[in-house]
Amino acid sequence: MQFISVYFLIFMSLLLIGYYIVPGKFRYLFLLACNILIYLSWITNWGSIFSIIAVTLITWSGTSLFPKISEKRLRRTVLIITSILTVGFLIYFKYAQFFFENLNSLFSFLGTEIQVKYRSPFMPIGISFFTFQTLSYVFDVYREKTDVEKNIFRYAAYATFFPTILSGPIERSESLLEQIKNLGSKGFHMQNIRNGMVLTIWGGYIKYVIVDRFAVISDAVFQSYDSFGTVILCLGAVCYTLQIYCDFISYSLIALGLGKMLGIEVTENFNAPYFARSVQEFWRRWHISLSTWFRDYVYIPLGGSRCSSLHKYRNLFITFLVSGLWHGANWTFIVWGMIHGISQIIGGATVSLKKRLYGVLHIKQDCFSFRLGQRMSTLGLVSFAWIFFRADSLFIAVNYIKRMISTPDLWTLFNGALYDLGLDTLQMNILLISFIVFITVDYLKYKTHKNIDILLFEQNYIFYCLAIILLFLATLVFGMYGPEFNSQEFIYFQF
């Protein structure tokens with residue numbers, strides 16, 4: 001069952017009816033049953049359900065031992081064993097093939113005939129997200145930041161929460177699990193249904209009207225990059241930069257909307273990241289649940305910033321290296337993480353130098369042009385890093401960048417070549433207009449810190465209704481779905 005489809009909408013309607021009819025004290029069991037049914041509809045291999053059951057049982061069992069152990073060393077041993085077993089599933093399914101492929105390459109480089117044969121297993125859908133969500137619970141219980149959940153079924157409802165299990169946000173137990181504990185006290189509120197529907201419609205509009213059109217261009221460019229020059233390659237990189245953001249925020253908005261309809265507040269995962277004025281600010285606005293997870297469970301335990309500058313930069317580098325590896329078993333993701341880590345290190349190390357330089361050159365820092373320059377340079381660096389993220393290999397990424405620099409073709413701006421990338425004039429105009437609508441809403445969020453459901457609700461009722469109807473009709477009329485289209489799954493489903 002596709003995440004946004006007629007079948008899913010019908011299922012959600014029935015789910016909501018049952019969810020609010022069932023007695024409050026049994027609502028978490030109803031939610032758990034729905035989580036399992038929806039997850040089963042997504043998987044293609046029964047091993048996926050085995051993995052999530054195993055991870056749930058391991059983390060719940062491990063944390064259940066903490067209150068019974070008073071000795072600090074023994075508690076730490078239980079923590080380590082529980083963490084290793086949990087991460088072991090992630091490593092086996094996601095990284096084992098990557099490890100053995102690189103090991104065989106090393107053996108070949110050394111001139112040996114040793115080759116390790118390894119059969120690649122399936123990768124359980126959503127494994128990176130539900131692993132980190134359950135691990136955060138383990139760490140928080142160990143740190144006594146949250147209480148042990150004694151009810152295995154209530155904990156399972158948290159671990160398998162269907163709006164977030166595929167692509168996040170990565171929820172914390174102190175937020176999501178506490179809300180699940182109190183489901184019985186939450187009644188039906190029409191405002192939650194209304195706001196949730198607005199967010200879901202808005203997310204669907206972004207996915208089907210905008211994302212899938214950007215995907216047509218970026219796929220065409222990256223798949224045949226050796227046939228293009230500077231302009232087309234830059235366009236491909238920019239389109240992927242916009243595609244991945246729109247794709248990810250569309251899923252996050254849908255998750256936010258589904259959560260609201262269930263009376264559950266899901267973590268806000270994005271806050272207009274492409275308006276950031278530095279890479280550091282970008283990561284405070286991009287994939288917030290993941291960046292704060294790495295901050296709390298990797299960066300700070302390593303020492304954070306409460307140490308020497310050298311150690312702080314080391315901690316930053318390790319954190320972003322691990323972040324890159326988390327995204328996938330490929331050197332491209334590792335390099336992507338390294339680029340962000342190194343750029344933050346350089347940015348932090350040159351703060352005083354930049355201040356002196358601005359003073360010597362008499363550069364005004366409190367004006368529009370300076371802020372615009374910061375935003376454009378940050379977006380340029382982020383877009384450059386996305387090339388590695390999108391490329392299938394380092395070889396492709398490096399050659400893509402080489403051609404982008406060394407093959408000028410400004411004439412393609414005027415000879416119609418831009419319309420040979422899969423979208424004709426009409427489709428290009430639809431993409432441009434719909435993206436202007438999106439970026440306007442994103443800018444309003446940047447300025448007001450309010451999502452579209454709140455922004456629309458603050459307007460006159462007639463405007464509110466017309467905006468929702470237009471969004472819904474635009475998705476139906478201009479959305480790229482149906483037999484003649486190849487609507488893509490959300491990008492982060494693969495992680």
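So which residues in the range 259-281 are closer than 26 Å to residue 386 by Cα, surrounded by fewer than 22 Cβ atoms within 10 Å (Cβ to Cβ), within 18 Å of the chain's Cα centre (by Cα) and of a type outside the set (A, V, I, L, M)?
267, 268, 270, 271, 274, 275, 280, 281
Report every pair of residues separated by at least 6 positions or lying on different chains whose Cβ atoms are under 6 Å apart, first residue within the range 420-439 and farther than 26 Å from residue 199 by Cβ and among the β-branched types (Val, Ile, Thr), second assigned to a loop (DSSP other than H, G, I, E, B) and open to solvent by less than 40 Å² (accessible area, probe 1.4 Å).
Cβ pairs passing all conditions: none.
Mind checking which residues of the range 48-72 are more than 23 Å from residue 163 (Cβ to Cβ) and either within 24 Å of the chain's Cα centre (by Cα) or not in a helix (DSSP H, G or I) (or both)? Quick ask: steps written out before the conclusion?
We begin by selecting, within the range 48-72, every residue more than 23 Å from residue 163 (Cβ to Cβ); these are 58, 61-72.
Matches in the range 48-72: 69, 70, 71.
Regarding residue 217, is this residue touching a Ser or Thr at 6+ places or on another chain (Cβ under 9 Å), of a type in the set (A, V, I, L, M) and either open to solvent by 10 Å² or more (accessible area, probe 1.4 Å) or part of a helix (DSSP H, G or I) (or both)? Talk me through it step by step, then tell me what you get.
Numbers: touching a Ser or Thr at 6+ places or on another chain (Cβ under 9 Å): no; of a type in the set (A, V, I, L, M): yes; either open to solvent by 10 Å² or more (accessible area, probe 1.4 Å) or part of a helix (DSSP H, G or I) (or both): yes.
Taking the combined requirement at face value, the residue does not satisfy it.
Limited to the range 126-152, what total is found for residues that are hydroxyl-bearing (Ser, Thr, Tyr) and in a loop (DSSP other than H, G, I, E, B)?
1
Of all residues in the range 407-439, count the ones that are open to solvent by 70 Å² or more (accessible area, probe 1.4 Å) and of a type in the set (A, V, I, L, M).
Initial filter on the range 407-439 (open to solvent by 70 Å² or more (accessible area, probe 1.4 Å)): 408, 410-411, 413-415, 419-420, 424-426, 429, 432-433, 436.
Those still in the list that are of a type in the set (A, V, I, L, M) too: 410, 413, 426, 432-433, 436.
Summing the residues that are open to solvent by 70 Å² or more (accessible area, probe 1.4 Å) and of a type in the set (A, V, I, L, M) in the range 407-439 gives 6.
Going residue by residue through the range 293-312, is there one that turns out to be part of a helix (DSSP H, G or I), touching a Gly at 6+ places or on another chain (Cβ under 7 Å), open to solvent by 30 Å² or more (accessible area, probe 1.4 Å) and not charged (D, E, K, R)?
Within the range 293-312, the subset part of a helix (DSSP H, G or I) is 293-302, 309-312.
Narrowing the set further to residues that are touching a Gly at 6+ places or on another chain (Cβ under 7 Å) leaves 311.
When the remaining residues are screened for being open to solvent by 30 Å² or more (accessible area, probe 1.4 Å), the result is 311.
If we keep only those that are not charged (D, E, K, R) as well, we get 311.
Yes, that holds for at least one residue.
Collect the residues in the range 20-50 that are touching a Leu at 6+ places or on another chain (Cβ under 9 Å), surrounded by 17 or more Cβ atoms within 10 Å (Cβ to Cβ) and closer than 22 Å to residue 149 by Cα, keeping them in residue-number order.
Within the range 20-50, 27, 28, 30, 31, 34 meet the criteria.
May I ask you to list the residues in the range 365-406 that are open to solvent by less than 60 Å² (accessible area, probe 1.4 Å), under 17 Å from residue 223 (Cβ atoms) and part of a loop (DSSP other than H, G, I, E, B)?
Correct list: 391, 393.
Under 8 Å by Cβ, and 6 or more places apart or on different chains, what pairs join a residue from the range 295-317 that is charged (D, E, K, R) with one that is open to solvent by 70 Å² or more (accessible area, probe 1.4 Å)?
312/305
Return the total of residues in the range 220-255 being free of Cβ contacts under 8 Å to residues at least 60 places away in the same chain and open to solvent by 30 Å² or more (accessible area, probe 1.4 Å).
Total meeting the criteria: 3.
When you look at residue 88, is it surrounded by fewer than 15 Cβ atoms within 10 Å (Cβ to Cβ) and either in contact with a strand residue (DSSP E or B) (Cβ under 6 Å, 6 or more places away or on another chain) or touching a residue at least 12 places away in the same chain (Cβ under 8 Å) (or both), yes or no?
Working: surrounded by fewer than 15 Cβ atoms within 10 Å (Cβ to Cβ): yes; either in contact with a strand residue (DSSP E or B) (Cβ under 6 Å, 6 or more places away or on another chain) or touching a residue at least 12 places away in the same chain (Cβ under 8 Å) (or both): no.
The answer is no for residue 88.
Tally time: how many residues in the range 372-397 are aromatic (Phe, Trp, Tyr) and over 22 Å from the mean Cα position of the chain (by Cα)? I'd like the intermediate steps shown before the answer.
The first filter runs over the range 372-397 and keeps only residues aromatic (Phe, Trp, Tyr), leaving 384, 386, 388-389, 395.
Subset that is over 22 Å from the mean Cα position of the chain (by Cα): 395.
Counting residues in the range 372-397 that are aromatic (Phe, Trp, Tyr) and over 22 Å from the mean Cα position of the chain (by Cα) gives 1.
Pairs under 6 Å by beta carbon, first residue farther than 24 Å from residue 326 by Cα and open to solvent by less than 50 Å² (accessible area, probe 1.4 Å) in the range 92-118, partner of a type in the set (Asp, Glu) and not in a loop (DSSP other than H, G, I, E, B), six or more apart or different chains?
If the second residue must be of a type in the set (Asp, Glu) and not in a loop (DSSP other than H, G, I, E, B), no pairs are left.
Any idea which residue in the range 187-211 is nearest to the chain's Cα centre (by Cα), counting only those that are open to solvent by less than 10 Å² (accessible area, probe 1.4 Å) and farther than 17 Å from residue 255 by Cβ?
By that ranking, first place goes to 210.
The values are calculated or read from the model by the stated rules, or taken from the named source; none is laboratory data. Since the model is a prediction, treat every value here as computed from it, not as a measurement. Please note: Cβ atoms are built from the backbone with ideal geometry, for glycine as well, and neighbour counts cover all protein chains shown. When the accessible area is computed, the model is the full protein with side chains, heavy atoms only, and any ligands, DNA or RNA have been set aside. Shrake-Rupley method; radii C 1.70, N 1.55, O 1.52, S 1.80 Å.
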